[in-house]
Amino acid sequence: MRRFIVGALASVAAASFTASAGPLQIEDIEKYASVSGVTMSEEGDFLAGIVHAPGSDGMNTSVATWDISGDIDTSKPLVPMALTQGNDRLRFNRASAFMDGKVIVSGIQLFTGSTVGCLEGKSTGSERTFVNQRYMASKMLDDLAPVYEKASGRRVDNDIIKQCLRLQAGMTRVASTLPLEDDWIMIQRGGIDGGKLFRRNLKTDKEIFFERDGERNGWGVALRDPRTYKTLAQSKLDPNNGDYRVIHRIKHPDTGKWVTADAMEVNLSDRYTMVLDGIDDATGKYIVITDKFSDKAVAYFYDIRTDKFDAEPILAHPKYSVLNVITSTRKKDFNKIVGFSYAADVSRTYYIEPERASVQDALFAAFPDRVVSIRDFTDDMSKVLFSVQDSAHPPVHYLLLDKSRVALVGAERPWVDSDSLRKTTMVEYTARDGLVIPGFLTLPKGWKQGDKPLPVIIHPHGGPWGRDAAGWDFSGWTQFFASRGYAVLQPQFRGTTGWGRKLWLAGDMEWGQKMQDDKDDGAQWLVDQGIGDPTQMAMFGYSYGGFAAMAATVRPNSPYQCAIAGAGVSNLERIQGNWGENRVQRLYQGRTVAGMDPLENMEKANIPILVYHGDRDVRVPLHHGTEFYKGVKRYQPESELLVLKDMGHQGNKWKPEHHRKSLSAMENFLTGPCGMTPTPVDG
């Protein structure tokens with residue numbers, strides 16, 4: 001199979017795109033992806049995805065579908081059979097090929113007005129924010145219409161509830177495709193009208209109420225039957241001496257009665273992973289992902305009959321946490337364990353089922369140095385949709401046909417010259433207290449050990465309960481700066497998730513303190529390795545990373561000459577207040593937010609900072625940026641502020657102009673007030 005695939009790939013090589021050589025340019029990043037989010041219908045007769053709107057030069061998007069039901073010419077890229085685009089206020093950002101010739105489309109729309117407490121942000125007055133929209137259409141896209149605006153058929157007289165239903169219509173989702181039933185899916189209505197499940201027939205659009213999905217007497221759904229979607233397990237929180245116990249109960253396979261799973265009980269404050277991920281048909285045992293018995297999460301079988309976990313895990317990885325167990329949705333081997341995903345340098349999938357494993361192995365062999373992800377496939381594996389990417393190569397989407405031919409669907413950013421970029425590598429260094437910190441390092445192409453040390457950008461991620469990966473950076477930031485001659489280090493500082501409980505829990509109540517030490521120690525490690533120039537260092541981060549940049553501005557003995565904060569949190573007290581009366585959320589996460597508050601230490605500012613922030617950011621409101629900038633400006637007059645019109649917090653709420661203005665401001669700030677003198681290295 002490897003030989004067939006390699007040969008087939010040669011046939012699409014002629015369809016390669018021409019890329020301009022040299023460092024990444026702002027226009028390379030500001031454009032929307034040429035092709036993205038490609039999915040395949042269950043029957044394998046068409047694809048759907050998001051593409052450039054015709055004539056927009058990458059400044060707008062369209063929904064696209066591709067016909068793959070007949071003979072396919074693999075000598076050239078697939079051509080869409082249908083397109084439809086949004087407008088100035090509505091931008092499509094996702095299209096899912098479904099079954100029965102249906103497409104589900106998602107979009108982001110600007111909204112200014114009263115949210116009546118039904119969206120993220122303030123509950124009184126007017127809010128500048130966004131609403132999600134959901135549509136359904138046929139694969140020809142000529143009948144696009146809102147699909148979830150029925151408000152569950154109830155009569156609504158309350159104006160506030162009516163407004164909530166309108167604002168939250170886009171929260172409704174497909175809960176299950178009901179793989180064993182033809183034409184039927186399960187949808188869950190979101191928001192205020194949420195907690196209700198409906199069976200929907202795709203041929204007739206008929207809906208039948210199924211059941212409520214919300215909590216009942218404190219019990220919420222923890223696992224559903226993959227065949228019928230009926231509840232198999234529930235969970236709830238019980239008060240326990242100022243803490244909460246997470247309690248699970250499971251339907252006994254022999255009696256059908258609810259039985260408490262005592263072995264699965266944990267304290268909420270301990271933050272153990274304890275996820276019911278499926279049920280094994282052969283034994284009746286449940287699949288549980290947990291880190292209760294190890295630093296990394298692994299998959300165990302749990303037997304409700306004996307209230308015990310198996311002695312050994314089903315699936316584990318020696319270095320990384322298991323994310324989920326993959327079970328088959330094909331009728332011939334339905335619900336059989338076929339693989340698992342784990343959190344490595346990127347999220348990776350390992351198949352154990354022979355047919356899938358053979359296809360995956362052949363694709364790995366055809367792309368030995370890239371990350372290959374199988375996205376969709378038909379039951380007989382005659383059509384396999386997959387993507388290929390790495391940190392220097394934006395994703396490219398392909399369709400494998402009959403395990404022997406390959407068709408090019410499209411490249412996300414064909415204009416990027418990957419030959420002038422260098423792959424990101426995983427590194428480790430030791431913090432000052434001995435904790436080992438993972439990191440991702442991106443260097444200019446052509447730089448080698450012994451060359452002149454490079455200017456450095458320490459680039460912490462957001463969250464802070466999150467992590468980075470070594471795949472293609474959708475923001476473009478790492479390669480944008482590395483291709484200009486900077487060494488970019490992304491430290492996986494304490495408080496980062498996905499690297500084990502020890503590293504995660506070590507960040508509690510250490511904002512601006514030990515969490516910050518980890519970043520500074522990464523900067524020193526670069527100097528010790530001969531990579532970084534200690535006289536040319538900056539910190540740049542977004543969201544929590546923006547907080548870290550603000551903290552770097554006021555910390556004494558800073559190793560940095562400047563900082564850049566995107567949508568940064570400056571006031572810990574206000575962030576803690578976001579959890580307000582939600583005692584559970586305060587206990588789970590709110591109590592971890594403590595340490596050094598940048599807003600309380602502005603008079604200690606010792607380096608200039610560029611603050612940029614969107615005026616439609618409701619996750620971290622604009623006042624966090626403006627208040628910090630105004631305070632620091634008195635002590636560091638070279639500091640700058642950039643407010644971006646109609647920009648939200650998350651990346652799907654950024655437009656090309658936001659990238660253009662922010663990247664231009666960052667580049668000028670680094671070479672201006674920061675005094676950086678990067679020289680791109682010729683690869």
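The values are calculated or read from the model by the stated rules, or taken from the named source; none is laboratory data. Please read these numbers as outputs of a predicted model, since none were measured by experiment. Every residue, glycine as well, gets a Cβ built from its backbone with ideal geometry; the counts of neighbours run over all protein chains shown.
Suppose we keep only residues that are aliphatic (A, V, I, L, M) and surrounded by 14 or more Cβ atoms within 10 Å (Cβ to Cβ) within the range 72-89. Which one would you say is farthest from Asp402 (Cα to Cα)? Among those that are aliphatic (A, V, I, L, M) and surrounded by 14 or more Cβ atoms within 10 Å (Cβ to Cβ), it is Leu83. Applying the criterion of being touching a Lys or Arg at 6+ places or on another chain (Cβ under 8 Å) and among the charged types (D, E, K, R) to the residues of the range 92-129, the residue that is nearest to Asp617 (Cα to Cα) is Arg128.
Residue count for the range 499-540 under the criterion of being within 18 Å of Asp468 (Cβ to Cβ), part of a loop (DSSP other than H, G, I, E, B) and in contact with a helix residue (DSSP H, G or I) (Cβ under 8 Å, 6 or more places away or on another chain): the result is 2. When you scan the range 492-515, do you find a residue that is under 18 Å from Ile437 (Cα atoms), among the aliphatic types (A, V, I, L, M), surrounded by 23 or more Cβ atoms within 10 Å (Cβ to Cβ) and more than 23 Å from the chain's Cα centre (by Cα), even just one? Within the range 492-515, none of the residues are under 18 Å from Ile437 (Cα atoms), among the aliphatic types (A, V, I, L, M), surrounded by 23 or more Cβ atoms within 10 Å (Cβ to Cβ) and more than 23 Å from the chain's Cα centre (by Cα). Inspect the range 625-638 for any residue being of a type in the set (S, T, N, Q) and under 22 Å from Glu667 (Cβ atoms) and give the result as yes or no. The answer is yes, given that some residue of the range 625-638 is of a type in the set (S, T, N, Q) and under 22 Å from Glu667 (Cβ atoms).
Filtering Tyr320, Tyr300 for residues that are touching a Pro at 6+ places or on another chain (Cβ under 7 Å) and crowded, with 18+ Cβ neighbours inside 10 Å leaves a single hit, Tyr300. Within the range 1-50, if we keep just the residues that are modelled with pLDDT of 70 or more and of a type in the set (S, T, N, Q), the residue that is farthest from Thr84 (Cα to Cα) turns out to be Gln25.
Okay, residues lined up against (1) closer than 25 Å to Ala33 by Cβ; (2) modelled with pLDDT under 95; (3) touching a Ser or Thr at 6+ places or on another chain (Cβ under 8 Å); (4) aromatic (Phe, Trp, Tyr):
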residue	(1), (2), (3), (4)
Tyr300	no, no, yes, yes
Asp303	no, no, yes, no
Tyr350	no, yes, yes, yes
Asp380	no, yes, no, no
Ser387	yes, no, yes, no
Ala392	yes, no, yes, no
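The residue of the range 376-414 that is nearest to Pro80 (Cα to Cα), among those that are basic (Lys, Arg) and in a strand (DSSP E or B), is Lys383.
Entry remark, the range 40-59: residues being in contact with a strand residue (DSSP E or B) (Cβ under 6 Å, 6 or more places away or on another chain) and buried (at least 20 other Cβ atoms within 10 Å of the Cβ) number 10 in total.
Name the single residue that is surrounded by the most Cβ atoms within 10 Å (Cβ to Cβ) among those in the range 360-384 being free of Cβ contacts under 8 Å to residues at least 60 places away in the same chain and under 24 Å from Phe334 (Cβ atoms). The selected residue is Val384.
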